[in-house]
Structures are given as structure tokens and as C-alpha cells.
1. Quick one: which helices (runs of 4 or more DSSP H) lie wholly within the range 74-184 and hold at least 1 residues that are among the charged types (D, E, K, R), assigned by TED's automatic domain parsing to the domain that holds Cys30 and over 16 Å from Asp46 (Cβ atoms)?
2. Can you spot a residue in the range 48-57 that is closer than 22 Å to Ile173 by Cα and assigned to a strand (DSSP E or B)?
3. I'm checking my understanding of the structure. Among residues of the range 168-209 that are out of contact with any helix residue (DSSP H, G or I) (no Cβ under 8 Å at 6 or more places or on another chain) and buried (at least 18 other Cβ atoms within 10 Å of the Cβ), which one is modelled with the highest pLDDT?
4. With in contact with a strand residue (DSSP E or B) (Cβ under 6 Å, 6 or more places away or on another chain), assigned by TED's automatic domain parsing to the domain that holds Thr68, among the hydroxyl-bearing types (Ser, Thr, Tyr) and touching a residue at least 12 places away in the same chain (Cβ under 8 Å) as the only criterion, which of Thr27, Thr43, Thr35 stands out?
5. Just checking, how many residues over the range 1-47 are under 20 Å from Leu115 (Cα atoms), among the hydrophobic types (A, V, I, L, M, F, W, C) and outside any helix (DSSP H, G or I)?
6. Criterion first (under 14 Å from the mean Cα position of the chain (by Cα), closer than 25 Å to Gln166 by Cα, modelled with pLDDT of 90 or more and crowded, with 16+ Cβ neighbours inside 10 Å) does Ile111 satisfy it?
7. Looking at Ile62, Ile147, which is the one that is of a type in the set (Val, Ile, Thr), farther than 23 Å from Thr38 by Cα and free of Cβ contacts under 8 Å to residues at least 60 places away in the same chain?
8. When the range 54-104 is examined, which residues are found to be within 19 Å of the chain's Cα centre (by Cα) and surrounded by fewer than 12 Cβ atoms within 10 Å (Cβ to Cβ)?
Amino acid sequence: MHILIIEDEVKISEYLAKGLQESGYQTTVCHDGRTALTRLEQTNYDLVLLDVMLPEFDGWQILKTLRTMSQVPVLMLTARDHVLDRVKGLELGADDYLIKPFSYIELLARIKRLLQRHPRVAQEYYQVANLKLDRLQHQVWREQELIDLTQKEFFLLQFLMEHQGQVLTRSQIASQVWNINFSTDTNVVDVAIRRLRSKVDDHFAPKLIHTVRGLGYKLAEQP
């Protein structure tokens, strides 16, 4: 699950991103309204954490614009504890409202509840360049050649293709593909990536699975 955090206070956004990543979520952080709107136009997120007081465009403006193009669940975050503010947020399309300061445990519970109410619908097909994945038939092709993958290799490739162009850390990959929080010094993800590359990338062009030094991996047409 990919969560967009729109919060101008750097310490708070870093705290939220770190906590959510440790809880198994992928996160992207924006510190101003203009950047946030650009991100929302370019990427589909599973949930948005939206602060009200932001530079460029405030949370109300972002929410109003967002609702013209998406029904992604939105959890508003604000230090303004006024009934009229909460009503305004709900009327503009917010799904929930949390007053600062808040407990991370409560935030996590609210996120899980919203994601359960708005489950992500998985695509049937994924394609990047000449690499194709059929989720329902559990098949993968590269240049029309059928590729034989193990179950874990298939899920790993699907996860990479679902987040094409995005850098995924080893811990994110381990959590989502193996459903286990591996220690950071394990090489299980690196070994799995090497095996997947040998099947879907080494003998084909363009190269699609890229190592991002010090961060992790991404699947994209360009490094």
C-alpha cells in the first residue's frame, strides 16, 4: 500500500514516514500544496494523509481538487480543533479527521480502517516496455517469450511492476513479498532480485530492473 503524506512540518513528516514504512507501507512525502497536486496527478495512491495548513495551496484546496479526479481515502491532520473545520473537511470529501497532537497507534488504526473500507482493486495485467504480466493467468512474457517463474518470483515481479518507476527499499520488498520484516543485513532480497533478473532481464532489452545504490531497486524503462 502506498500512502502520500502531505505535511509541511519536516519532523512530523519524517516521523510519519518512518513509522509507516516500519509498519509495511510505502510512503511519499510532500511539504507544499503545489508539489502534492503534481504527485496526485501523476501517481495513484492508496491513501492520503493531508495536513490543513500548507504553503502554496492549503489542505482544503487540495482536497477539493483531488475529489474532482479521485476517490482515494483522505485522512485530514490538523492542529485546529474546531467543529466547523471538521465539518468543512468532511463536506469537501475527507474520510476521517485527526487532531494534532495524536497517538501513532490511533493514526495506524484509522489508516487500517480506511484501507479496509476502500480496498485496492488489483489490475489484471501489467506491462512495462516489452515485459507483460497476467495476474489472473499467473503468466509472464518478455518479447512474446513465456517466462517460467516460481511463485515468489512472480509476486516479486508483480510488486515491482505495480510500483514501476518508484524506488523500493529492501525492507519494503521483504515485507510485501515475504510478509516478514527481515533484518537489514540479510541478502535474501538481493538474491531474489538476481534470480529474477536472470530470467526476465539478462537476455532482453531494454534492461528494466535497476539497482539504486544505497536505497533499493526499481523497475522502469530508464535507470
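The values are calculated or read from the model by the stated rules, or taken from the named source; none is laboratory data. This is a predicted model, so every value here is computed, not measured. Methodologically, a virtual Cβ is constructed for each residue, glycine included, from the backbone with ideal geometry; neighbour enumeration extends over all protein chains shown.
1. On the way: elements: 83-92, 104-117, 151-162, 170-173.
The qualifying helices (runs of 4 or more DSSP H) are 83-92, 104-117.
2. Checked against the condition, which is being closer than 22 Å to Ile173 by Cα and assigned to a strand (DSSP E or B), the range 48-57 yields at least one hit.
3. Here the answer is Asp201.
4. Answer to the check: Thr27.
5. 7
6. yes
7. Result of the check over Ile62, Ile147: Ile147.
8. Met69, Gln71 - these are the residues of the range 54-104 that are within 19 Å of the chain's Cα centre (by Cα) and surrounded by fewer than 12 Cβ atoms within 10 Å (Cβ to Cβ).
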